[in-house]
Amino acid sequence: MNAKPGAAATAAGEEQARRHTIAISVENRFGAFARIAGLFAAKGYNIDSMTVGPTEDEAVSRMTIVTHGDDQIIEQIIKQLNKLIDVIKVVDLTYDNFVERELVLAKVRATPQTRSEIMQITEIFRAKVVDISPQSLTLEATGSQQKVDAFIKMMKPFQIMEMARTGRVALKRDFQGEV
């Protein structure tokens, strides 16, 4: 049985493809976000999630992009990002120890019969009720992607009326030892 020479390499490459969390410090200037998103679109790279926000320095914004690919693709993405004029620093956090969080706001239908069960689930997830009406509860949950996914899954049977979810935000951990 003869296999194509590239078949093993392709299979190995697919096995190495993984999600990467990339932190980008950019100058807080008009169009910086569009140029970075445009780079991904022009090169055909997919963005799984992207968050942007101010930092401790008002002249700098931080973007956290989650994408996927093998090491060669990610290396190309990082090289292309570093070429952009507004980019100050690019760090692939994937191989580092880092803290990540997502946030979801979910407006859930709540009847008198279901309200206490929704509140119990909310408490288990250490989520918060941020708004209440006779027909609904608006809930806030933060945590890892898996925790947010699980929270949403638990709320679906009650009927999620409206939902807004952030992408991942992440910071490298400084402390590397055991607690």
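The values are calculated or read from the model by the stated rules, or taken from the named source; none is laboratory data. Nothing here was measured: the structure is a model prediction, and the numbers come from that model. Methodologically, a virtual Cβ is constructed for each residue, glycine included, from the backbone with ideal geometry; neighbour enumeration extends over all protein chains shown.
For E117, state whether it is within 25 Å of M163 (Cα to Cα), under 21 Å from the mean Cα position of the chain (by Cα), assigned by TED's automatic domain parsing to the domain that holds M154 and modelled with pLDDT of 90 or more. In short, no. In the range 100-139, which residues are of a type in the set (G, A, S) and loosely packed, with under 15 Cβ neighbours inside 10 Å? S116, S133, listed by residue number.
For the residues T166, T142, T64, the requirement of being polar (S, T, N, Q) and either surrounded by fewer than 17 Cβ atoms within 10 Å (Cβ to Cβ) or in the same structural domain as G44 (by TED's automatic domain parsing) (or both) singles out T64.
Just a yes or no: is a residue in the range 98-106 under 22 Å from T166 (Cβ atoms), assigned to a helix (DSSP H, G or I), aromatic (F, W, Y) and under 19 Å from the mean Cα position of the chain (by Cα)? So far as the range 98-106 goes, no, none of its residues is under 22 Å from T166 (Cβ atoms), assigned to a helix (DSSP H, G or I), aromatic (F, W, Y) and under 19 Å from the mean Cα position of the chain (by Cα).
For the range 131-179, a residue qualifies if it is part of a strand (DSSP E or B), closer than 19 Å to R101 by Cβ and not hydroxyl-bearing (S, T, Y), and the qualifying residues are L139, E140, A141, G143, M163, A164, R165, V169, A170, L171, K172.
Can you tell which of Q72, Q80, Q76 is outside the structural domain of S133 (by TED's automatic domain parsing), surrounded by 16 or more Cβ atoms within 10 Å (Cβ to Cβ) and over 11 Å from I24 (Cβ atoms)? It would help to see each step written out before you state the result.
Numbers: Q72 fails: surrounded by 16 or more Cβ atoms within 10 Å (Cβ to Cβ); Q76 fails: surrounded by 16 or more Cβ atoms within 10 Å (Cβ to Cβ).
After ruling out the rest, the residue left standing is Q80.
When restricted to residues that are more than 18 Å from the chain's Cα centre (by Cα), outside any helix (DSSP H, G or I), surrounded by fewer than 16 Cβ atoms within 10 Å (Cβ to Cβ) and of a type outside the set (D, E), the range 16-37 contains 3. Among the residues making up the range 38-61, those that are surrounded by 12 or more Cβ atoms within 10 Å (Cβ to Cβ) and in contact with a strand residue (DSSP E or B) (Cβ under 7 Å, 6 or more places away or on another chain) are Y45, I47, D48, S49, M50, T51, V52, T55, V60, S61.
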